[in-house]
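Visitor: Below is the structure I would like to discuss, written out as structure tokens.
The values are calculated or read from the model by the stated rules, or taken from the named source; none is laboratory data. It should be emphasised that the depicted structure is a prediction, and the values quoted were computed from it without experimental measurement. Cβ coordinates were reconstructed from backbone atoms using ideal geometry, including for glycine residues, and neighbour counts include every protein chain displayed. Accessible surface areas use protein heavy atoms only, side chains included; no ligands, DNA or RNA. Shrake-Rupley method; radii C 1.70, N 1.55, O 1.52, S 1.80 Å.
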Amino acid sequence: MFQSIDFRKHALGGLLVFGFLVWLSNVGQGPAPIEHRYNVREVSTEDAKALIDGGALVVDVRGKDQFDFRHIPGAILIPLDELRARIPAVLEGAEAMTILIYCGDGVTNGPEGTEILNKAGYPNAVNLKPGIEGWASAGYAVAKG
């Protein structure tokens, strides 16, 4: 009349279904967006232009080839890998200055470069949110070479 039920089988099946549903709900979401990994101040192209006009130091954290293709006039090239290794001599004494950091799109390397400088004692380093792409799209001057 009564049938014996093996609850271990059902519990395991339930856990598998639950795990599958959790996995399914996260499919396509990927890792957290890059801009949420770093707690840095970000500025628009308009704000960046005002900072540059006010004497901000401009640092490009992309690679040399990208820099040579186009960069913000007056920018200095400090690739992110070099910045990760050490703060270069060109930045010595600039701790109190406003430093505008940028990469290609504003989220790939710029936020990390900005955070590195912030943590190294450069509290006025900011990230150009749309990067050089946004800068150029806004019609601001770019230099080559």
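Visitor: What residue, among those in region 70-93 that are part of a loop (DSSP other than H, G, I, E, B) and charged (D, E, K, R), is farthest from P123 (Cα to Cα)?
Guide: Selected residue: R70.
Visitor: Would region 108-127 turn up any residue that is assigned to a loop (DSSP other than H, G, I, E, B), of a type outside the set (V, I, T), modelled with pLDDT of 95 or more and closer than 14 Å to A48 by Cα?
Guide: Taking every residue of region 108-127 in turn, at least one turns out to be assigned to a loop (DSSP other than H, G, I, E, B), of a type outside the set (V, I, T), modelled with pLDDT of 95 or more and closer than 14 Å to A48 by Cα.
Visitor: Does any residue in region 73-99 that is in contact (Cβ under 8 Å) with a residue 40 or more places away in the chain come within less than 6 Å, Cβ to Cβ, of a residue that is open to solvent by less than 50 Å² (accessible area, probe 1.4 Å) and small (G, A, S) six or more places away or on a different chain, and which pairs are these?
Guide: Qualifying pairs under 6 Å: P73/A143; T98/A56; I99/A125.
Visitor: OK, next. Check off (1) in contact (Cβ under 8 Å) with a residue 24 or more places away in the chain; (2) assigned to a helix (DSSP H, G or I); (3) open to solvent by less than 40 Å² (accessible area, probe 1.4 Å) for F67 and give me the number that stays unchecked.
Guide: Result: F67 fails condition (1) only.
Visitor: Another question, if that's okay. Here are some residues: P123, P73. Which one is closer than 15 Å to T45 by Cβ and either open to solvent by 40 Å² or more (accessible area, probe 1.4 Å) or aromatic (F, W, Y) (or both)?
Guide: Within the list P123, P73, the selection yields P73.
Visitor: Just checking, does region 23-43 include any residue being at pLDDT 95 or above and hydroxyl-bearing (S, T, Y)?
Guide: There is no residue in region 23-43 that is at pLDDT 95 or above and hydroxyl-bearing (S, T, Y).
Visitor: Are any residues in region 34-64 surrounded by 17 or more Cβ atoms within 10 Å (Cβ to Cβ), in contact with a strand residue (DSSP E or B) (Cβ under 8 Å, 6 or more places away or on another chain) and more than 19 Å from I87 (Cα to Cα), and if so, which ones?
Guide: Result: E42, V43, T45, A48, L51, I52.
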